[in-house]
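Worksheet: the structure to be examined is printed underneath.
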Amino acid sequence: MNPPEILPDALVMLDYVGIGVFAVSGALLAAEKKQTLVTFIFFAVITGVGGGTLRDLLIGAPVFWVHTNGTLLICIGAALGVWFLSKKAAAERALLWFDAVGLASYATYGAAKALNYAVAPVPAFAMGVMTACVGGIIRDVLAGEPSILLRPELYVTAAALAAGLLVILTLAAAPPALAALGAGLAGFSLRAAAIARGLKLPAYDR
Amino acid sequence: MNPPEILPDALVMLDYVGIGVFAVSGALLAAEKKQTLVTFIFFAVITGVGGGTLRDLLIGAPVFWVHTNGTLLICIGAALGVWFLSKKAAAERALLWFDAVGLASYATYGAAKALNYAVAPVPAFAMGVMTACVGGIIRDVLAGEPSILLRPELYVTAAALAAGLLVILTLAAAPPALAALGAGLAGFSLRAAAIARGLKLPAYDR
Amino acid sequence: MNPPEILPDALVMLDYVGIGVFAVSGALLAAEKKQTLVTFIFFAVITGVGGGTLRDLLIGAPVFWVHTNGTLLICIGAALGVWFLSKKAAAERALLWFDAVGLASYATYGAAKALNYAVAPVPAFAMGVMTACVGGIIRDVLAGEPSILLRPELYVTAAALAAGLLVILTLAAAPPALAALGAGLAGFSLRAAAIARGLKLPAYDR
């Protein structure tokens, strides 16, 4: 495995954004389920770091939040913020949008980090997709919600667009910051359109 | 940890068979649930590589699909094949049999790979069992199906037979290809009998 | 990563206690669900080693049960014990108490092992909490039980008390055996009070 290069700042920013908004989305689901503050924190942490943890284990990187205090404190802060500030009416809608930002950020950053660890292109693409979706999947399984995986809405597809673009642009030697920005925006736009207009994929019906 | 020796061809074959048939079984469950093509692929990948991924993480091996494009392409191909070719009537029955082949192959290969990484006999046996069952368990949890673990049917037991025989035959210095063939066939036969005749274990009833 | 120091005997004891009682709790849930002996063993193993396995993967330690036969044999023995000895009436109550002992032991040992691997204080605390809870969470998800996470009862909080005290006492340079004993007893006492008197946290209700 090659020693990883330093990731450009734009990507590191995406990582923090992804952690923060996924943590908020976890706490918002806890709010919707009328849970305690401890469960808010548990859901915020699992949703915020779940996907990236799986990614790091799979590519053989040290798990990103284990040797620093900051990442978990961000998640705990997000849970406290939702506990003290959120209003019921806004929670469900806000959850969708926070989740969309997290999805696009994590798909982009996950694919980029995998390429930096010399992962082959197809698994690097998969790493972006899976790790963007895994935090939310675990959150939903633990909360007893039906998984987004089983709904025809464009969700995994948006992560696939972001991760796929990042891999293609990187292989085409685009500047890293530009590749990250383009891939992230494309993924977020597709997910936003799916939320706003209910875009769906056709289902199997034989 | 000893450097692993090269696994004999018969075992490498079992690995590819396991990945392919588990991927098909994941896609068939997606078909049964009338999902989209993206979900077909997601389920095919998770079921195809889930068990082996856990095995590799536990024994400290590099995760087998991360540094090659081929494994994921097999899973994606399996999903496309089911999407375009399968007929409804046949799907449920086919799922059972593909799953049975995957179960026996993975239990055998998983135990053999663990022994090759100098894992102790009892955990090597467990590695075969758990990793043969984990792909299907994750598939069922994500699809909201009741886990096979909770049914009295012989399922985990068939994986245990294959993994146990492989460990015993290897400790008894049997030729690797023979051990793999014997263990895989025994496990598959037991699972086939369970499917065909409804063999069950007695349940706890106090 | 620093080479880990030898953990004091009091902590190693806690580890074995945690494995044994969590294995028993897994088997008791299988009994409650009227499962087969194979499922008893599967649940005992997953609950007994699940949390510690995640901890070791996250901190980059070799997974603790992979290079020894003893750990799994303890879990299998626990499953056989419950299968042959348990009485229906006692099972549900016993499950709660075995789980409580496991929770406190694992939270304490998990945080201590993480500190020994030079993990930063906040993640070391989280490692104690998450790994104490993860075995039981997986057990409940697989059994189709509503997760303890969604109940207002003090559960994660008790693990947090044990893990937090262990980290604080260790940073304050307390003797390791004393820190382990104090943290474990405090966590167990809080959980015991929650079971005996139904202590609850306030839930979010906006």
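The values are calculated or read from the model by the stated rules, or taken from the named source; none is laboratory data. Remember, it's a predicted structure, so these values are computed and weren't measured experimentally. In this analysis, Cβ positions are derived from the backbone assuming ideal geometry, glycine residues included, and neighbour counts consider all displayed protein chains. Surface accessibility is based on the protein's heavy atoms, side chains included, excluding ligands, DNA and RNA. Shrake-Rupley method; radii C 1.70, N 1.55, O 1.52, S 1.80 Å.
In region A:152-163, which residues are over 9 Å from B:Val38 (Cβ atoms) and open to solvent by less than 30 Å² (accessible area, probe 1.4 Å)?
Correct list: A:Ala158, A:Ala159, A:Ala162, A:Ala163.
Look at region A:17-34 and say how many of its residues are over 12 Å from A:Arg139 (Cβ atoms) and either surrounded by fewer than 24 Cβ atoms within 10 Å (Cβ to Cβ) or away from chain C (no Cβ under 11 Å) (or both). Explain how you work it out, then say what you get.
Step one: of region A:17-34, the residues over 12 Å from A:Arg139 (Cβ atoms) are A:17-21, A:31, A:34.
Among the residues that remain, those that are also either surrounded by fewer than 24 Cβ atoms within 10 Å (Cβ to Cβ) or away from chain C (no Cβ under 11 Å) (or both) are: A:17-21, A:34.
Total satisfying the criteria: 6.
Give the residue, chosen from B:Asp140, B:Asp99, that is modelled with pLDDT under 95, crowded, with 19+ Cβ neighbours inside 10 Å and either under 15 Å from the mean Cα position of the chain (by Cα) or not in a helix (DSSP H, G or I) (or both). First the steps, then the outcome.
On the way: B:Asp140 fails: crowded, with 19+ Cβ neighbours inside 10 Å.
Exactly one residue qualifies, and that residue is B:Asp99.
Six or more apart or on different chains, Cβ under 6 Å: which pairs go from a residue in region A:143-158 that's facing chain B (nearest Cβ under 10 Å) to one that's among the polar types (S, T, N, Q)? Could you list them?
Qualifying pairs under 6 Å: A:Leu149/B:Thr39; A:Pro152/B:Thr36.
Can you confirm whether region B:100-119 contains a residue that is within 25 Å of B:Ala163 (Cβ to Cβ) and within 14 Å of chain A (Cβ to nearest Cβ)? Show your work before the answer.
Initial filter on region B:100-119 (within 25 Å of B:Ala163 (Cβ to Cβ)): B:100-119.
With within 14 Å of chain A (Cβ to nearest Cβ) added as a condition, the list becomes none.
No, the conditions are met nowhere in region B:100-119.
Only one of C:Gly48, C:Gly77 is closer than 25 Å to B:Asp205 by Cα, touching a Cys at 6+ places or on another chain (Cβ under 8 Å) and more than 11 Å from chain B (Cβ to nearest Cβ); which? Steps first, answer last, please.
Numbers: C:Gly77 fails: touching a Cys at 6+ places or on another chain (Cβ under 8 Å).
Only one candidate qualifies: C:Gly48.
Can you tell me which residues in region B:114-137 are open to solvent by 20 Å² or more (accessible area, probe 1.4 Å) and of a type outside the set (A, V, I, L, M)?
B:Asn116, B:Tyr117, B:Pro121, B:Phe125
Could you grab me the full set of residues in region C:178-200 that are touching a residue at least 24 places away in the same chain (Cβ under 8 Å) and open to solvent by 50 Å² or more (accessible area, probe 1.4 Å)?
C:Leu181, C:Leu185, C:Phe188, C:Leu199, C:Lys200 - these are the residues of region C:178-200 that are touching a residue at least 24 places away in the same chain (Cβ under 8 Å) and open to solvent by 50 Å² or more (accessible area, probe 1.4 Å).
When only residues in region C:70-89 that are crowded, with 16+ Cβ neighbours inside 10 Å and of a type outside the set (Gly, Ala, Ser) count, which is farthest from C:Tyr109 (Cα to Cα)?
Checked region C:70-89; the qualifying residue farthest from C:Tyr109 (Cα to Cα) is C:Trp83.
Of the conditions (1) modelled with pLDDT of 90 or more; (2) under 25 Å from A:Leu154 (Cβ atoms); (3) open to solvent by less than 30 Å² (accessible area, probe 1.4 Å), A:Val63 clears all except one; give me its number.
(2)
Listed residues B:Leu149, B:Leu166; which is assigned to a helix (DSSP H, G or I) and either closer than 15 Å to B:Leu11 by Cβ or open to solvent by 20 Å² or more (accessible area, probe 1.4 Å) (or both)? Steps first, answer last, please.
Details: B:Leu149 fails: either closer than 15 Å to B:Leu11 by Cβ or open to solvent by 20 Å² or more (accessible area, probe 1.4 Å) (or both).
Result of the check over B:Leu149, B:Leu166: B:Leu166.
Looking at (1) in a helix (DSSP H, G or I); (2) under 25 Å from A:Trp65 (Cα atoms); (3) more than 9 Å from chain B (Cβ to nearest Cβ), find the lone condition where C:Ala61 falls short.
(1)
Filter region B:192-206 for residues that are outside any loop (DSSP other than H, G, I, E, B) and modelled with pLDDT under 85 and give the result. Spell out the reasoning first.
So in region B:192-206, the residues outside any loop (DSSP other than H, G, I, E, B) come out as B:192-197, B:200, B:203.
Answer for region B:192-206, where residues must be outside any loop (DSSP other than H, G, I, E, B) and modelled with pLDDT under 85: B:Lys200, B:Ala203.
Can C:Ala107 be described as over 21 Å from C:Ser25 (Cβ atoms), in contact (Cβ under 8 Å) with a residue 24 or more places away in the chain and surrounded by 24 or more Cβ atoms within 10 Å (Cβ to Cβ)? I'd like the intermediate steps shown before the answer.
Numbers: over 21 Å from C:Ser25 (Cβ atoms): no; in contact (Cβ under 8 Å) with a residue 24 or more places away in the chain: yes; surrounded by 24 or more Cβ atoms within 10 Å (Cβ to Cβ): yes.
So C:Ala107 does not fit the description; no.
Assess whether B:Leu54 counts as being touching a Ser or Thr at 6+ places or on another chain (Cβ under 9 Å), open to solvent by 20 Å² or more (accessible area, probe 1.4 Å), over 20 Å from A:Val156 (Cα atoms) and facing another protein chain (nearest Cβ under 10 Å). Even if it seems obvious, please write down each step before you answer.
On the way: touching a Ser or Thr at 6+ places or on another chain (Cβ under 9 Å): yes; open to solvent by 20 Å² or more (accessible area, probe 1.4 Å): yes; over 20 Å from A:Val156 (Cα atoms): yes; facing another protein chain (nearest Cβ under 10 Å): yes.
Here the answer is yes, as B:Leu54 does meet what is asked.
Please go through region C:111-128 and pick out each residue that is part of a helix (DSSP H, G or I) and out of contact with any Asp or Glu (no Cβ under 9 Å at 6 or more places or on another chain).
Taking region C:111-128 first, the residues part of a helix (DSSP H, G or I) are C:111-116, C:121-128.
Within region C:111-128, C:Ala111, C:Ala112, C:Ala114, C:Leu115, C:Pro121, C:Val122, C:Pro123, C:Ala124, C:Phe125, C:Ala126, C:Met127, C:Gly128 meet the criteria.
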